[in-house]
Amino acid sequence: MSSDDFIHQRAAQSGRNLLLQELRETCERARLGGFFYPVAALLAFSAAGIYAWRWQAATVVGTLLLLAGLRCLVRPSATPDVGEARRKLRRLWGIVLVTTALWGAFGAWTFAVLPEPAPLVALLFSGAFGMALAHTMCMRTTPSVLAILCVMVPSQLVLWDGVARWVAVMWAVYMLYMLMVLRRSHREYRTRLELEEDLRQQRDLFERQSRVDGLTGLANRREFGAALVRAVGSVAPGRAISLLIVDVDHFKHINDTLGHLAGDACLVALAQRLRAHFAEAGDVPVRLGGEEFGVVLEAGSAKAFDRAERFRDELAAQPMQVLDQAITVTVSIGCGQFDPARHDDADAFYGDVDAALYRAKQAGRNRTEHA
C-alpha cells in the first residue's frame, strides 16, 4: 500500500474515530453528572421537611437514582463499530433527556406544592444543571438544547405565571446565555476532537513511513531488521526460519535503456509479485534498498528453496508490464535457514545468505543458491 493509499484509508476512518471518541466522552460525562440530580432532589425535599414528604421523596429520588444508574450501564465495548456507537449514543441521550424532563417537572412541582425554601433550592439547581449541560454535554447541539430547555422551561413558565415575572425575565436571559455557551462549547469541543484525530493520523503516518518503503509499499530495511531479529529469536525445536535475499539482474541496464521511471515501475511490479507469491502466514517480504529485496519465511531450507525457485521461474516466464511495455525480468536469490550452531545472531545469518546471493550472481545470475 502506497503512502497516498494509506492517507486515503485513514481519512475514511476519521469519521469512525471521531464518533467513537464522542461515545467515550459522552459516557464519561453522563456518568459523572447523573448522580447530582437525585442529590439535588433530596436537598429540596430536606428543605421542605423530608419526613412530611417521605413518600414523594422516595419516588422522585429513587427514579432519578435509577436513571443515573442506567447511564452507567451504557458503555462502549472494546471494539465498537459505527452502528453500535450510534445506538449507544441515542440510548444515552434518551436517558439524559428523560432525566432532565423529570427534573424540570419536579422543579415546577416544587413551586406548586412544596413550602419554601424548597422551590428556591430547586430553582438554583435548575440553573446549575442547565449551565453544566451547556459546558459538559456539548458534544451534540440538538439533544443538548433539548436537555437545557427541559430543565429550564418548566420553571420559566411557573415564574411567568405570576410568581415573579421579573425573575422570569432574568431566567429567560440566563437560558439564552446558556444556549450561547453551549454553541461556543460545542465549537471548541469539535475543534479539539478534530485536532486530536489529525494528530493521531499524523502519528500513524509517520510511524508507517518509518517502517514502510515509500515506493513499493513493502516493509523497509529498518522493519526488516526488526522482523529478522524477532524471527531468529523465536526459533525453537520444530520451528524453522529461512531468509531469501532477491536481487534484480542487470537492473542498471533497465534504468539506462528505459529510464528511471521505468526502473521504479519495475520495482513496484516486482514488489507486487513478491507480495502475491509470499503471502503465507509468517512470510515477510521487504525491500532492502535499491533493486534488492528480502523475504523472511517460517519454513525450512528445502521448502524455502523450492518457493524461491518457483518465484524465480514464474517471474522469468511472465513478462511485467512497465510503462505500457512488457519486459522480462530475472532475479538472483540467496537462500538459507537459520542455524544456531552456525549463526551467532541475525547479522551473521544475513551475512551468510548475502554471500549465497553473491555466488548466484557470480555463477551467471537468474538462479538460487543455498547458504
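Per-structure values
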quantity: Qualifying residue in the stretch 236-246 (condition: assigned to a helix (DSSP H, G or I) and open to solvent by 20 Å² or more (accessible area, probe 1.4 Å)); calculated: no
quantity: Residue among Thr191, Thr142, Thr216 that is outside any helix (DSSP H, G or I), β-branched (Val, Ile, Thr) and either without any contact (Cβ under 8 Å) to a residue 60 or more places away in the chain or surrounded by 15 or more Cβ atoms within 10 Å (Cβ to Cβ) (or both); calculated: Thr216
quantity: Test result for Ser155, part of a helix (DSSP H, G or I), buried (at least 21 other Cβ atoms within 10 Å of the Cβ) and modelled with pLDDT under 95; calculated: yes
quantity: Any hit, the stretch 80-94, residues being open to solvent by less than 30 Å² (accessible area, probe 1.4 Å), part of a helix (DSSP H, G or I) and under 20 Å from Val158 (Cβ atoms); calculated: no
quantity: Test: residue in the stretch 107-119 that is hydroxyl-bearing (Ser, Thr, Tyr), over 26 Å from Ala52 (Cα atoms) and either surrounded by fewer than 18 Cβ atoms within 10 Å (Cβ to Cβ) or in contact with a helix residue (DSSP H, G or I) (Cβ under 9 Å, 6 or more places away or on another chain) (or both); calculated: no
quantity: Hits in the stretch 96-106 - residues which are surrounded by fewer than 20 Cβ atoms within 10 Å (Cβ to Cβ) and under 14 Å from Ser144 (Cα atoms); calculated: Leu97, Val98, Ala101
quantity: Matching strands (runs of 3 or more DSSP E) fully within the stretch 284-371 where at least 2 residues are touching a strand residue (DSSP E or B) at 6+ places or on another chain (Cβ under 7 Å), touching a residue at least 24 places away in the same chain (Cβ under 8 Å) and not small (Gly, Ala, Ser); calculated: 284-289, 292-297, 331-337, 368-370
quantity: Subset tally (residues that are in contact with a helix residue (DSSP H, G or I) (Cβ under 7 Å, 6 or more places away or on another chain), open to solvent by 40 Å² or more (accessible area, probe 1.4 Å) and over 30 Å from Pro340 (Cβ atoms)) for the stretch 247-289; calculated: 1
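The values are calculated or read from the model by the stated rules, or taken from the named source; none is laboratory data. The structure displayed is predicted, hence computed values, not measured ones. Neighbour counts are summed over all protein chains in view; Cβ atoms, including those assigned to glycine, are modelled from backbone coordinates with ideal geometry. With ligands, DNA and RNA removed, areas are computed over all heavy atoms of the protein, side chains included. Shrake-Rupley method; radii C 1.70, N 1.55, O 1.52, S 1.80 Å.
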